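Each reported figure results from applying straightforward, stated rules to the coordinates on display, with no laboratory input. Note that the structure is a prediction, hence the values are computed from the model and not measured. Cβ: placed from backbone, ideal geometry, glycine included. Neighbour counts: every protein chain shown.
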Amino acid sequence: MESYTNRTFDELQIGESVTRSHKLTQPDVEGLAFVSGELDAFHADAPHPPAAEAVAAHALISGLVQRRLPGPGTEIVAQQMRYSGSMQVGDEITGTLTVREKRPATREVVLDCRVQCGDTELVAGSITVVAPAQRIALQGLGEPEIVLRHNDAFARLLQRCKGMPPVPCAVVHPCDHDSLLGPLEAARHGLIVPVLVGPQAKIRAAAQAAGADVSGLRIVDTEHSHAAAEAAVALARAGEVQALMKGSLHTDELMAAVVAGATGLRTARRISHVFVMDVPAYPRMLLITDAAINVAPKLRDKMDIAQNAIDLAQVLGIAQPRVAILAAVETVNPDMQSTLDAAALCKMADRGQITGGLLDGPLAFDNAVSEAAARTKKIESAVAGRADILLAPDLESGNMIAKQLQYLAGADSAGIVLGARVPIVLTSRADSVRSRLASTVVMALLADAQRRKQAAPAC
C-alpha cells in the first residue's frame, strides 16, 4: 500500500517532472480490449491496435496526474494527445509528465505528456489541469486491480444522479479514515450534503489524519457512538436529513436507535437490508437480501423483504425484477422450511400480496443464476438463470453469498437498509471508500424517488 500527497499550485515549479513505468500484463490486455471495443484483436502474442494504446496511455497519464503530479484533488480540464506505435504483453511502458506552464488566475497548469514503449514513442501531447490549492494526503492506496465487468452498474447509476439535488444525510460516527472520506467523496460528487454526527474531537482528528477539510460542514457533537446514533435518528425524524449513513460504529448500535418504538424510524413495512452487487461474471446487476438485518425471517417477514427489494430494483431501473427465492434444492420438501416459504411467497405474488416482480422458488443458487444449470435440471421458469434478486432463506446464507461474491468473484457492492422512514447506508467497517460511494449512489436514487413521490399530487 502507498500514500500519496499532492503538490499545490503554489508549490509546482516550471520544469518539474514525474515518471512512472508499468509492465503490460494479460489482465491489462483484457481490460484494454473491453474498454476500447477491439475485443477480437487482443491476444498475448499480437501487437495491440491504436485504440488500445490510447486507453493504456490515458490510464497511465491519468494515474500520474491524480496520484503524483499535481496529485489528489486535481481536476483535468483539457488534453491534446497524439497516439502511435504498438505494444505487447510483457512490454514496459513509461509515462512522463513535465510542468510547462502555470496560470495563476485560474490555478491551471499545462503539463507536457509523453508515453514510451522502449525507444518507441506511443503518446506525445499535453494535458491541462486545475491544480489543488490545499494539501491533500491519501493513505493506504495500492495500484488499482483490473477486473472485467459486464455491467459497470455503479458508474451507470452515478450518471443517473447527475442533476439531482444533493441529499441531506446524517453520517453517524465518522471517526476513521474510510467512514469519513466516503461521505466526503460523495459530497464531492454532489450526492449528499453530509451532517457529521459524533464526538467532534474524534471527527476532527480523523479529518486531520486523512488530510481532509471538514471546516465547512455541520458537526453535531455527541459524547459517544450510541448517542451519535440517537442524534442522527432524531435529525431524520425532524426532517433535517433525508438519509442516514453508518460510520465507524457497530451495526447493532445504529439499528437499535432506528428500530426504537417511540423514537425510531419504523414504518408498517419490515426493515430489511439489500446488497446491490456488480458481479464481473454476471450479465446484470444483482440484489441479495437479507444479509444483514433479519437473522431468521418468518414467512410474513420474507413477504416484506421481497417487496422492499422489488421496490428498490424498480428505482434502480429494473422495471419488473425477477426474484429467485433460494433454498438448497429446487423442489418443495415438507422437511425444509425454506422450500415451503418459497412456494408460499410465489402464491402470495399470484394473489397480489407481493407486487411488481416475477417470483419463482424454491431455486438452488446454481439454477437461479445459470441458464445452463436451469436447462440441465429441466426447470422452465422466467426467473431461473436470470435472477435480478436473490432472496436468501436466512441472514447467514445471504451474508455468505454476498461476501463470497465480493472476495472471490471481485464483485463491487453497495449496502442499503429499506423499510424505514429514510434510506440508510449500511456498510461494513471494512468497506472501502469506493464501496461507501456506491452505497451512497443507491441511497441518493432512493431518496430522490421518495422525494418525488411525496411531491406528486394525490390522486
Residues listed by number, the range 276-301, amide nitrogen under 13 Å from residue 340 label point at 7 Å toward C-beta = 298-300
For the chain, the longest site-free run once GluC sites (Glu not before Pro) in DSSP loop states with at most 10 other Cβ atoms within 10 Å are removed | 224-379
Residues meeting the amide H criterion for residue 169 (H placed from the backbone, H to H distance under 5 Å, 5 or more places apart or on another chain) are 193, 195, 242
From the square roots a ≥ b ≥ c of the eigenvalues of the alpha-carbon gyration tensor of the range 270-419, which class results: rounded (a/c under 1.5), prolate (a/b over b/c), or oblate?
-> rounded
In terms of the alpha carbon gyration tensor, root eigenvalues a ≥ b ≥ c, rounded if a/c is under 1.5 and otherwise prolate when a/b exceeds b/c or oblate, the range 179-239 is oblate
To the nearest 10 degrees, the tilt of helix 177-188 (Cα long axis) against the first principal axis of the alpha carbons of the chain is 80 degrees
Between 0 and 90°, nearest 10: helix 395-409 axis offset from the chain longest Cα axis | 20 degrees
Estimated vicinal HN-Hα couplings, Hz - the range 246-263 in sequence order (Karplus 6.51, -1.76, 1.60; Gly, Pro = x) | 6, x, 8, 9, 5, 4, 4, 5, 5, 5, 4, 6, 5, 8, 4, x, 8, 10
Over the chain, relative contact order from alpha-carbon pairs under 8 Å, at least 6 apart, % | 14 percent
What pairs in 298/347; 162/453; 302/347; 378/403 have C-alpha atoms more than 22 Å from each other?
-> 378/403
In degrees rounded to 10, the 0-90 angle between helix 225-237 Cα long axis and the longest Cα principal axis of the chain is 80 degrees
Classified through the alpha carbon gyration tensor (a ≥ b ≥ c as square roots of its eigenvalues; rounded if a/c is under 1.5, else prolate when a/b is larger than b/c, else oblate), the chain comes out oblate
Sorted from fewest to most neighbouring beta carbons within 10 Å, what does the list 251, 5, 263 look like?
-> 263, 5, 251
Take the range 161-313, drop everything but the C-alpha atoms, weight them equally and run the Debye formula without solvent; then report log10 I(q)/I(0) at 0.15 Å⁻¹ to two decimals.
-> -0.89
Within the set of other residues whose C-beta is less than 11 Å from the C-beta of residue 414, count the net charge using Lys and Arg as +1 and Asp and Glu as -1.
-> -1
Ignoring trypsin sites (Lys or Arg not before Pro) buried by more than 10 other Cβ within 10 Å or outside DSSP loops, the longest site-free run in the chain is 163-350
